[in-house]
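What follows is a short report on a single structure.
The values are calculated or read from the model by the stated rules, or taken from the named source; none is laboratory data. In this text the structure is predicted, and so the values were computed from the model without any measurement. Note that each Cβ is placed from the backbone with ideal geometry, even for glycine, and that neighbours are counted across all protein chains shown. The protein model used for the area step is the full one, side chains on, heavy atoms only, and it has no ligands, DNA or RNA in it. Shrake-Rupley method; radii C 1.70, N 1.55, O 1.52, S 1.80 Å.
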Amino acid sequence: MHLIQILLPVYGNDGEELLQEAYQRLRDDLVQRFGGLTAFTQAPAEGLWTPGGSQTHRDDIVLIEVMVDELDTAWWSAYREKLQRELKQHSLVVRALPMARL
């Protein structure tokens, strides 16, 4: 079993809110395909990174988690690329963690 985590920026590079329209569609797609999800949306997390040692950039992000029995890396990679296009992002983090249900 794996836990898939999708880190989504709340705002675009231009400062406009990204997820207001996209979140409903994303949520419906994942629930229909995988039967459920957990979304941490009330208190966005802060993401910081310094590309190439230059100025530090900041994002407010929300975390979406989906549990899957089998990891289909090709599907998740294509889904990440689709989200990047839809949200006009250079890159998004989609990661898979092995997990055991206790």
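Which one of these is modelled with pLDDT under 95, surrounded by fewer than 15 Cβ atoms within 10 Å (Cβ to Cβ), more than 15 Å from LEU19 (Cβ to Cβ) and polar (S, T, N, Q): SER77, SER91?
Being modelled with pLDDT under 95, surrounded by fewer than 15 Cβ atoms within 10 Å (Cβ to Cβ), more than 15 Å from LEU19 (Cβ to Cβ) and polar (S, T, N, Q) holds for just one of SER77, SER91, which is SER91.
Determine which single condition GLY47 fails, assuming it passes every other condition in (1) open to solvent by less than 70 Å² (accessible area, probe 1.4 Å); (2) at pLDDT 75 or above.
(2)
Which residue pairs have Cβ atoms closer than 6 Å, lie 6 or more positions apart in sequence or on different chains, and pair a first residue in segment 4-19 that is over 12 Å from LEU92 (Cβ atoms) with a second residue that is at pLDDT below 75 and part of a strand (DSSP E or B)?
VAL10/PRO44
I need the full set of residues from segment 58-74 which are open to solvent by less than 60 Å² (accessible area, probe 1.4 Å), hydrophobic (A, V, I, L, M, F, W, C) and over 18 Å from GLN24 (Cα atoms), in order please.
Matches in segment 58-74: VAL68 only.
I'd like to verify a number: residues in segment 25-39 that are among the hydrophobic types (A, V, I, L, M, F, W, C) and either outside any helix (DSSP H, G or I) or under 13 Å from LEU83 (Cβ atoms) (or both), how many?
Count: 4.
Answer yes if at least one residue in segment 4-24 is on the phi > 0 side of the Ramachandran plot, at pLDDT below 85 and part of a helix (DSSP H, G or I), and no otherwise.
no
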